[in-house]
C-alpha cells in the first residue's frame, strides 16, 4: 500500500516509523511545507535543550529507509489538495500540527511590544516566517502571560547569560539582539494558582538554578499549600514542594550570596487575568498590563478563575502571550472542529472520511511533550494498520503515489526538496556552526536554502 503523511514533525515521523516497522510492504511519503524537516523539534525545542533534539537521529533513519520518501517545500492545501492526495494514495495521515496561536482577545493586544510566544520562539529558533520579528528588548521588565513550559523557555532565553546561549544553535540574529537586551526582570503571570501551573519540574528547576538570575516568589502564595498537595499525584506534589521550598526557605550560604548579587530576577504571579495591554502616551507601544485579580472556584486541574472586581496594573515594555498554540484547517475537504481547533476523529480516523487519518496536535490539541505525541502517533498508525488488515482500506487497486503528485506539482511550478537536499542544507549549517563553536548555524531564509541546493 502507498500511504502519505502531511507534516514532518514528531507526529508525522512517528506515524511513518510505526507503519513502516509493522508493515513490510508499506511505502510512506512525507510532505512538508518548509524546505527543512522535523517541525517543532527544530523550531520549538529550546536551543539550550540539545538532548531533546536527539529524536532527529531516529527520524533521519526513517527518512533514509528505501520505503520512505520526503518531499519538502510542498504546501498541502495549496500546491496539492487533500482530495488529490487521496486519489494518489491508499491512505492519507494529517500530522501538520498547530501553526497558529490562541489570542488573548483583549484591547491593546496588537500594540508594539506585544508578541505571541509562538512567534518569539520561532524567532530565536530560526523559523523562516518569524525571522524578521525584531522584538523590542529595550525595556527592563518583561511580562509573560502563561505558566507552561514554553513560558519558562522564553523566560530562560531572556535571562540566560550570553555565554550559555553562544554554545547553542540559537540563530545569530537573535543572539545579537539578546546581547543588547536591557531586560533584567521577567514576571510569569497566570489566571489560576500554584496548584494549576502547567510547567514541569525539570523546567522549573532549570529556571531556579539559572546563573545570574534570582527567583522572586511571594511567600503568601505558598503558605499552607503543603496540606493541599498531600494527596496530589506525585509529579504535581514534587513540583509544588519545589515552589514552596523556593518561596519559603532561605537558600544555603553560597546560593544565597549568588542570588543576592544576581543582576537579573524572575517571578511567578498568580490569580491575575489580563484585561488590557496599556498603551504609552502616543498610543503606539505597550507600557504595562492591567489585570483582574481572580479567585478560584473548585480545586485541582478543573479550578476556574473568577474575577473578584479588583484590578492591578503591572508596568512592562515587553508582553509575551504564552497561552497555547492552535491548529488551523488545512483544506475545505477536511472536517474541522473550529471550537476545539482539532480534526474530529476517533483513534485517529477522521470522522466521515474513510482513508483519511490524523495524528499529533491537530488530532488531540496542542498539549504534551514529544513522548506524548509519539504514543498518540503510534495509536493512529495502529488504526491505519488495522484498517489495512481487515480490508476497510481497499488496496486492491494500485495507487500511483508520488508519481501522480509529481505531475500535479510540476504543472503548478512547485519543486519539492528531497531528504538528500535537506542533508546538504544540514551539512552547510553544521559547518557554519562549527566555525562559530555552535552545533549548527541555522539558515533562516528559505531562498538561501533553495540556492544552496541549486534550486
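Based on the convex hull around the alpha carbon atoms, the range 101-324 presents an average projected area of 13.0 nm². In the frame of its principal axes, the range 387-455 has Cα extents of 54, 32, 16 Å, reported largest first.
The range 355-376 and the range 66-102 have Cα centres separated by 15 Å. For the range 53-83, backbone nitrogen atoms closer than 19 Å to the point 7 Å from residue 328 Cα along Cα-to-C-beta are found at 73-83.
Would you list 139, 316, 4, 180 from fewest to most Cβ contacts within 10 Å?
Working: 139 20, 316 25, 4 28, 180 8.
Result, fewest neighbours first: 180, 139, 316, 4.
Roughly how tilted is helix 149-159, in degrees to the nearest 10 and between 0 and 90, from the longest Cα axis of the chain? For 149-159 against the chain, the angle is about 60 degrees.
Over the range 101-324, what is the relative contact order in percent, taking alpha-carbon pairs closer than 8 angstrom and at least six residues apart?
31 percent.
Taking label positions 7 Å along the Cα-Cβ direction at both residue 261 and residue 180, the computed distance is 3.0 nm, reported to one decimal. For the chain, the extents of the C-alpha atoms along the principal axes are 69, 51, 46 Å, listed from largest to smallest. Of all beta bridges that DSSP places with both ends in the chain, some 35 percent have antiparallel geometry.
If you take every DSSP beta bridge whose two residues both sit in the range 101-324, what share of them, in percent to the nearest 5, is antiparallel? The partial results should precede the final answer.
On the way: 16 of 38 bridges.
Restricted to the range 101-324, the bridges split so that about 40 percent are antiparallel.
If r is the Cβ-Cβ distance from residue 390 to residue 78 and R0 is 41 Å, what FRET efficiency results, to the nearest 0.05? So, using R0 = 41 Å, E works out to roughly 0.75. Legend: ranking of residues 397, 65, 321 from fewest to most surrounding C-beta atoms inside 10 Å; resulting order 397, 65, 321. Length gained on full extension, residue 110 to residue 226: 37.7 nm, using 0.36 nm per residue less the C-alpha separation. Counting beta carbons within 10 Å around each of 278, 330 and listing the fewest first gives the order 278, 330. Between residue 339 and residue 313, the FRET efficiency from the beta-carbon distance, with R0 = 45 Å, is close to 0.85.
Using the alpha-carbon atoms, what tilt in degrees (0 to 90, nearest 10) does helix 234-248 show relative to the longest principal axis of the chain? Helix 234-248 sits at roughly 30 degrees to that axis. Please report how far the C-alpha centroid of the range 28-42 lies from that of the range 262-311, rounded to the nearest whole angstrom. Distance between centres, Cα-based: 37 Å.
Can you compute the FRET efficiency between residue 281 and residue 100 using 1/(1 + (r/R0)^6), with r the Cβ-Cβ distance and R0 = 25 Å? Round to the nearest 0.05.
Details: r = 32 Å, r/R0 = 1.30.
Plugging the Cβ-Cβ distance into 1/(1 + (r/R0)^6) gives 0.15.
If I take every Cα pair under 8 Å that is 6 or more residues apart in the range 1-154, average their sequence separation and divide by the length, what percent do I get for the relative contact order? Across the range 1-154, relative contact order equals 28 percent.
When you work out D = kT/(6 pi eta Rh) for the range 256-328 at 10 °C and 1.306 mPa s, using the Kirkwood radius from C-alpha pairs as Rh and the Stokes-Einstein form, the result is 105 µm²/s. Spin-label pair residue 420-residue 52: with each label point 7 Å from Cα along the Cα-Cβ axis, the two points sit 3.4 nm from one another.
No lab work stands behind these numbers, since they all come straight from the coordinates. Just so you know, these numbers come straight off a predicted model, no measurement behind them. Quick reminder, even Gly has a Cβ in these numbers, built from the backbone with ideal geometry, and neighbours come from all protein chains shown.
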